[in-house]
Amino acid sequence: MGFFAMWDPLYWVVMLATLILSGGASMMVKGAFNRYSKVRASSGVTGAEAAQVMLNKAGISDVQIQRVSGFLSDHYDPRAKVVRLSPEVHDGRSLASLGVACHEVGHAIQHAKKYTPLVWRNAVVPMAGFGSNIGFVLIIISMLLGGASNFFGTSVGLLGLGLFGTIFLFQVINLPVEFDASFRAKRMLPQLGLISGPSEASGVAKVLNAAAMTYVAGAVAALLNLLYWAHRLGLLGGRR
Ligand SMILES: [Zn+2]
């Protein structure tokens, strides 16, 4: 009955699709970032300076800006209330640096304003980590029980898929959070005079839109995995 996933050709199709999606998206981000990290913004400010201006404008005074090592390691840490920027973003004066720095400030503003999708996302994070592992174990147990062919297999399988599906849920809730952070950056950069003119705005947009594609790819990959396991358990109808 082809018990283990690795003996199923469809498993490899799903894995390959996941790899192509995430690899392609991350290549796009790196490409866009590298291209626009060579285009200097006419304002001449660094990413860290732009981030500070945007925080000030939003009336946020309790968020620090720090420099961290790594390439594209930029993030906002809501627990420490710190915007951490990679060296190239922190010190760079390029459209890419300003775009990424202000995207991270976008998350700090969401946090300060208790932006609803962010609150939901933070609530799902612990479930997505812990729950998805337990979910996967339950999926395997369901397969041992015969999957959708009997009541116990079906019950355990549905519970497992529900828990495993929290990864997909996280990825979906993450989309408005990421799009909104980029939207805030794209809107405030010209408003604050940190970039000017349509060509600078379009450079920033290209970097941030490419970054957004990695989150879309993540959500699609999570959905493919969820559907694959639902199919393997026979819960989608099909054979078995
Ligand atoms: Zn983000």
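Okay, here's what the table says:
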{"quantity": "Hits in the range 159-186 - residues which are more than 16 Å from residue 112 (Cα to Cα) and among the charged types (D, E, K, R)", "calculated": "186"}
{"quantity": "Residue, farthest from the chain's Cα centre (by Cα), within the range 132-147, restricted to residues that are among the small types (Gly, Ala, Ser) and over 30 Å from residue 111 (Cβ atoms)", "calculated": "146"}
{"quantity": "Cross-chain or 6+ apart pairs with Cβ under 9 Å, the range 160-186 first and within 14 Å of residue 225 (Cβ to Cβ) and touching a residue at least 24 places away in the same chain (Cβ under 8 Å), then surrounded by fewer than 21 Cβ atoms within 10 Å (Cβ to Cβ) and among the aromatic types (Phe, Trp, Tyr)", "calculated": "160/136; 163/130; 163/136; 164/136; 166/130; 171/215"}
{"quantity": "Enumeration of residues in the range 47-96 that are among the hydroxyl-bearing types (Ser, Thr, Tyr), surrounded by fewer than 20 Cβ atoms within 10 Å (Cβ to Cβ) and touching a residue at least 12 places away in the same chain (Cβ under 8 Å)", "calculated": "69, 73"}
{"quantity": "Top-ranked residue in the range 101-149 [being in contact with a Gly (Cβ under 7 Å, 6 or more places away or on another chain) and farther than 18 Å from residue 166 by Cβ; ranked as nearest to the ligand (Cβ to nearest atom)]", "calculated": "101"}
{"quantity": "Selected residue (criterion: farthest from the ligand (Cβ to nearest atom)) from residues of the range 75-100 that are part of a loop (DSSP other than H, G, I, E, B) and of a type in the set (Lys, Arg)", "calculated": "93"}
{"quantity": "For residue 60: the one exception among (1) part of a helix (DSSP H, G or I); (2) closer than 19 Å to residue 183 by Cα", "calculated": "(1)"}
{"quantity": "From 155, 182, 202, residue being part of a helix (DSSP H, G or I) and within 16 Å of the ligand (Cβ to nearest atom)", "calculated": "182"}
{"quantity": "The range 86-101, residues that are of a type in the set (Ser, Thr, Tyr) and more than 16 Å from residue 192 (Cβ to Cβ)", "calculated": "86, 94"}
{"quantity": "Only one of 232, 184 that is crowded, with 20+ Cβ neighbours inside 10 Å and touching an Asp or Glu at 6+ places or on another chain (Cβ under 8 Å)", "calculated": "232"}
{"quantity": "Qualifying residue in the range 65-73 (condition: of a type in the set (Val, Ile, Thr), under 20 Å from residue 186 (Cα atoms) and part of a strand (DSSP E or B))", "calculated": "yes"}
{"quantity": "Test: residue 60 is modelled with pLDDT of 95 or more and in contact with a helix residue (DSSP H, G or I) (Cβ under 7 Å, 6 or more places away or on another chain)", "calculated": "yes"}
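Each row is one residue, and each column tells you yes or no for (1) of a type in the set (Asp, Glu); (2) within 18 Å of the chain's Cα centre (by Cα); (3) surrounded by fewer than 22 Cβ atoms within 10 Å (Cβ to Cβ); (4) closer than 15 Å to residue 51 by Cβ.
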| position | (1), (2), (3), (4) |
| --- | --- |
| 98 | no, no, no, yes |
| 108 | no, yes, no, yes |
| 114 | no, no, yes, no |
| 129 | no, yes, yes, no |
| 149 | no, no, yes, no |
| 159 | no, no, yes, no |
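The values are calculated or read from the model by the stated rules, or taken from the named source; none is laboratory data. For clarity, every value in this text was computed on a predicted model and none was experimentally measured. Note that each Cβ is placed from the backbone with ideal geometry, even for glycine, and that neighbours are counted across all protein chains shown.
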